[in-house]
Amino acid sequence: MPLMDLFWTMLWFFLFIAWIWLMISIFSDIFRRDMSGWGKAGWIFFIIILPFLGALIYLIANGGDMQQRTMSDMAAAEKAQQEYIRSVATTSTADELAKLADLRNSGHITQEEFDAQKAKLLA
């Protein structure tokens with residue numbers, strides 16, 4: 001296989017993968033949009049019947065909104081992740097002391113161990 005044929009094969013393979021990614025992005029945006037079912041069906045029908053023209057027109061007509069929807073979804077996911085991390089990571093000193101008291105009362109730790117851990121928490 002000549003080197004130029006290998007180059008063209010790799011280029012077409014890359015373009016095919018990029019096309020698949022573009023179609024997935026467009027279809028996910030169509031279903032994410034606040035639009036009637038007929039509008040969604042019309043866009044999907046148009047993109048399936050005339051793929052290149054349909055994708056080009058969709059990107060021209062909705063490219064900016066598509067980016068804004070993606071960015072707002074990513075911001076919402078980031079916010080939810082940060083809230084989850086804060087809820088899991090932050091435990092108050094009172095909660096820790098209550099856990100230590102429960103361990104002491106159940107006999108899992110001694111009074112000396114309780115006092116040592118309490119001094120660490122309050123320091």
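The values are calculated or read from the model by the stated rules, or taken from the named source; none is laboratory data. All of these numbers come straight from a predicted model, not from anything done at the bench. Backbone-built Cβ (ideal geometry, glycine too); neighbour counts: all protein chains shown. Accessible surface is based on the protein model in full, side chains and every heavy atom, while ligands, DNA and RNA are left aside. Shrake-Rupley method; radii C 1.70, N 1.55, O 1.52, S 1.80 Å.
Brief remarks on what is shown
- The number of residues in the stretch 66-89 that are without any contact (Cβ under 8 Å) to a residue 12 or more places away in the chain, within 15 Å of S25 (Cβ to Cβ) and not hydrophobic (A, V, I, L, M, F, W, C) comes to 2.
- Condition broken by L103, with the remaining ones in (1) under 29 Å from the mean Cα position of the chain (by Cα); (2) surrounded by 10 or more Cβ atoms within 10 Å (Cβ to Cβ) satisfied: (1)
- Residue list for the stretch 1-14, filter: assigned to a helix (DSSP H, G or I) and either open to solvent by 70 Å² or more (accessible area, probe 1.4 Å) or touching a strand residue (DSSP E or B) at 6+ places or on another chain (Cβ under 9 Å) (or both): L3, M4, D5, L6, F7, W8, T9, M10, W12, F13, F14
- Residue count for the stretch 21-55 under the criterion of being part of a helix (DSSP H, G or I), closer than 18 Å to T70 by Cα and of a type in the set (A, V, I, L, M): the result is 6.
- E112 open to solvent by 70 Å² or more (accessible area, probe 1.4 Å), assigned to a helix (DSSP H, G or I), closer than 30 Å to A123 by Cβ and modelled with pLDDT under 95: yes
- Only one of the listed residues (T70, T91) is under 30 Å from W19 (Cα atoms) and open to solvent by less than 80 Å² (accessible area, probe 1.4 Å). That residue is T70.
- Pair list, Cβ < 7 Å and 6+ apart or interchain, from the stretch 15-35 residues that are surrounded by 13 or more Cβ atoms within 10 Å (Cβ to Cβ) to residues that are among the acidic types (D, E) and at pLDDT 95 or above: none
- Filtering the stretch 56-92 to residues that are assigned to a helix (DSSP H, G or I) and β-branched (V, I, T) leaves I57, I60, T70, I85, V88.
- Pairs, first closer than 17 Å to T93 by Cβ in the stretch 108-123, second surrounded by fewer than 11 Cβ atoms within 10 Å (Cβ to Cβ) and not charged (D, E, K, R), C-beta under 6 Å, six or more apart: L121/T93
- Candidates are the residues of the stretch 59-100 that are among the β-branched types (V, I, T) and within 20 Å of the chain's Cα centre (by Cα); the one that is modelled with the highest pLDDT is T70.
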